Amino acid sequence: MPAVSASIEEMSTPQTTAPPAKTPADTSFFGHPKMLASLFSVEMWERFSFYGMQGILLYYMYFTADQGGLSIDKGLAAGLVGAYGGGVYLSTILGAWLADRVFGSEKVLFGSAIMIMTGHIALALIPGIPGLIAGLVLVGIGSGGLKANATALVGTLYGEKDERRDAGFSIFYMGINIGGLIGPLVTGWLQESRGFHFGFGAAAVGMAIGLVIYALGRKRLPEEAHRVPNPLPASDRTKYGLIFLGILIVIGVLLATGIVNANNLASSMAYAAIGAAVIYLFLIFRSPLVSGVERKRVLAFIPLFIASAGFWALFQQQFTFIAVYSEEKLDRNLFGWEMPAAWVQSINPVFIIIFAGVMAALWTKLGSKQPSSPLKFSAGLLIMGLAFLAFIPLAGEGKTPLLALVGILFLFTLAELFLSPIGLSVSTKLAPKAFHTQMVALFFLSVSLGTTLAGILAGLYNPEDELPYFLGIGGVAVVLAVALAAATPAIKKLMAGVR
C-alpha cells in the first residue's frame with residue numbers, strides 16, 4: 001500500500017531545525033534552567049486532575065448502581081481502564097505532530113489543557129455511559145497532547161552532553177508526583193463522602209487552576225516554545241484534513257460494526273501501539289534527514305523500548321489489579337477508621353516526592369561515573385519484578401496488612417525512579433535532531449503498550465489462585481532485566497557516546 005505509506009510519512013514529517021544549544025550558565029531553578037519551573041507547574045496540576053480521576057475511575061465503572069457506579073463487569077472494567085491509559089499515551093503522536101507541523105508546542109499545551117478540563121467537566125456533569133465516553137475521550141487526547149510537548153520542552157533545556165539532564169528530568173518528575181499525590185486524596189475522599197461526580201468535579205477544578213497559572217505565564221516562555229518547527233504548507237491543509245477525517249471514519253466504522261468493541265478494545269489498542277511504533281521506526285530509519293550515527297542510536301533505543309513496555313505492564317497495574325486488590329483484600333483500617341481505597345494511589349507519589357530529589361542529586365554527583373541508561377533500565381525492570389514476587393508470601397492469606405502493600409509500593413517507586421525519568425531523558429538524547437519531539441512520542445508508545453497490557457494482565461488475576469499470577473509476571477520481568485543487562489555493552493556501542 002505505497003500511497004498509504006507515503007501519506008503517513010508526510011504526516012510524520014519532522015522538524016528540520018535543531019534547538020539551539022543550551023549553556024550550563026542557566027541555573028536559576030535549583031541549579032537548572034528557569035523554564036523547568038514553568039513546565040514543572042503545569043504538569044503538576046495536569047497530573048493532579050489525571051491521577052485524581054484515575055484513582056476512582058475503575059471503581060466508578062465496576063461498582064453497582066446503588067454504590068454510584070455503572071455496574072460494568074470487573075474484569076472488563078480493568079481491561080477498559082488499561083486500554084484508556086494506553087490510548088492516552090498513544091495520542092502523544094498526534095500532539096507531537098500538531099506541535100511540529102501546525103501550532104507549535106506552546107499552543108498545543110494550552111489547547112490540550114482546555115480539552116482536559118472539559119473532559120473532567122463531562123465526567124462530573126453527564127451521567128452514565130455517555131458522560132464516561134465523552135470525558136475519557138477528551139481527557140485522553142488532551143493528556144497525550146500535553147505530555148508529549150511538556151516533556152520535549154524539558155529536553156530542549158539541556159545540551160546533549162549536559163550532565164544535569166537526568167537530574168532535571170527527575171525534578172520534573174517530582175512535580176508530576178506532587179499532583180499525583182494530592183489528586184487521589186481529594187477525589188477519593190469526595191467519592192466516598194459525596195459521590196463519584198464530586199470527585200470528577202474536583203479534577204476539573206484542579207486542571208482549571210493549572211490552566212490559569214499557565215495562561216498567566218505563556219508570554220514569558222522563550223521564543224522557541226511558540227515556534228512551529230516545520231510549518232505545514234497552506235496548500236496541504238485540505239489534504240491532511242481529509243486524511244484525518246478518513247481516519248475518524250475508519251474508527252467510527254470499526255466501532256459501529258462491532259469489529260472493535262468493549263471486549264477487545266484493550267487488545268486492539270495494544271496492536272495499534274505496536275503498529276504505530278513499527279511505522280515510526282521505519283520512517284525514522286529511511287529518512288534522509290537522519291545520519292548514520294543517529295540511526296545506530298535509534299537502533300539502540302529498540303531494546304529500551306521493549307524493556308520500557310515490560311516495565312509499564314507491571315507498574316501501571318496500580319490502576320487495575322492493585323486498585324481491585326486494595327478495595328477487596330487490603331486491611332485499610334486505621335485506628336477504627338477505614339481509609340478510602342483510592343488513597344492507595346497516593347502512596348507511590350509520596351515516595352517519589354521523598355526520593356526523586358535524592359536520585360537527582362545522586363546522578364548529579366556521580367556525573368560521568370553514573371550507570372549507563374541501559375543499566376538503569378535493567379535495574380528498574382528487575383526491581384519491578386521483585387515487587388510482584390513480594391506478593392507471594394501474602395498469597396492465600398486473609399486481609400493484607402497495609403504496611404506490607406506500602407513496602408511493595410516502595411519497590412514500585414524505586415523501580416520507577418530507575419526507569420521512567422531516565423526513559424524520558426534517553427529518548428531526547430538518542431533522538432535524531434530532525435525527530436526530536438516525535439522520538440519522545442515513540443517512548444510514550446512503549447508506555448501506551450505497557451499500560452494497555454496492564455489492563456489485559458489484570459484480567460488474568462484470580463484471587464482464589466494468586467500464586468501463578470505473581471510468580472509468572474514477576475519472573476518474566478526478572479528474566480527480561482537480566483537479558484537487558486547482558487546486552488548493555490552492545491547497546492552502549494550503538495549509543496555512540498550517549499550515556
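The values are calculated or read from the model by the stated rules, or taken from the named source; none is laboratory data. Since this is a predicted model, take the numbers as computed values, not measurements. We place every Cβ from the backbone using ideal geometry, glycine too, and count neighbours over all the protein chains shown. The protein model used for the area step is the full one, side chains on, heavy atoms only, and it has no ligands, DNA or RNA in it. Shrake-Rupley method; radii C 1.70, N 1.55, O 1.52, S 1.80 Å.
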query = Roughly speaking, to the nearest percent, how much of the chain's 1.4 Å accessible area is carbon and sulfur?
reply = 71 percent
task = Based on the mean of other Cβ atoms within 10 Å per residue, sort peptides 365-371, 144-150 so the most packed one is first.
result = 144-150, 365-371
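With a probe of 1.4 Å, find how much accessible area the chain has per residue, and write the answer as a whole number in Å². Working shown, then result.
Values: 19680 Å² over 499 residues.
Per-residue value: 39 Å².
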query = Per the helix-only calculation at 222 nm, which mean residue ellipticity applies to the chain, given -39500 (n - 2.57) for every DSSP H run of n ≥ 4 and division by its residues, nearest 500 deg cm²/dmol?
reply = -25000 deg cm²/dmol
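For a protection proxy built on the mean count of beta-carbon atoms within 10 angstrom, sort 402-408, 232-238, 172-178, 346-352 highest first, please.
172-178, 346-352, 402-408, 232-238
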inquiry  = If I model a spin label at I274 and K329 as a point 7 Å from the Cα along the Cα→Cβ vector, what separation in nanometres do I get?
reply    = 2.8 nm
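Within the P(r) computed for the stretch 85-136, what percentage of the Cα pairs occupies the region above 14 Å?
60 percent
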Model label zone, S368; criterion: amide N under 17 Å from point 7 Å along Cα-to-beta-carbon; scope the stretch 288-329 = none
remark   = Quick calc, the stretch 401-499, dipole around Cα centre from Cβ unit charges on Lys, Arg (+) and Asp, Glu (-), nearest 20 debye, gives 820 debye
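Quick one: compute a quarter of the convex hull surface over the Cα atoms of the stretch 271-374 and quote it in nm².
On the way: hull surface 41.8 nm².
The orientation-averaged projected area of the Cα hull of the stretch 271-374 comes to 10.4 nm².
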request  = Any chance you could check the Cα centroid distance between the stretch 89-126 and the stretch 248-327 for me, in angstrom?
outcome  = 19 Å
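Only sites in a loop by DSSP and with at most 15 other Cβ atoms within 10 Å count here; which GluC sites (Glu not before Pro) in the stretch 399-499 make the cut? Don't skip to the answer; put the middle values down first.
Numbers: sites: E416, E464, E466; in loops: E464, E466.
Sites meeting the loop and neighbour criteria: E464.
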ask   = For A256 and K296, what is the calculated FRET efficiency with R₀ set at 35 Å and r taken between the beta-carbons, to the nearest 0.05?
value = 0.20
query = Rg to Rh for the chain: what is it, with Cα atoms only and Rh by Kirkwood?
reply = 0.95
Relative contact order [Cα under 8 Å, 6+ residues apart], the chain, whole percent = 26 percent
query = What nm distance separates the two modelled labels at R237 and I249, each placed 7 Å from Cα along Cα→Cβ?
reply = 2.2 nm
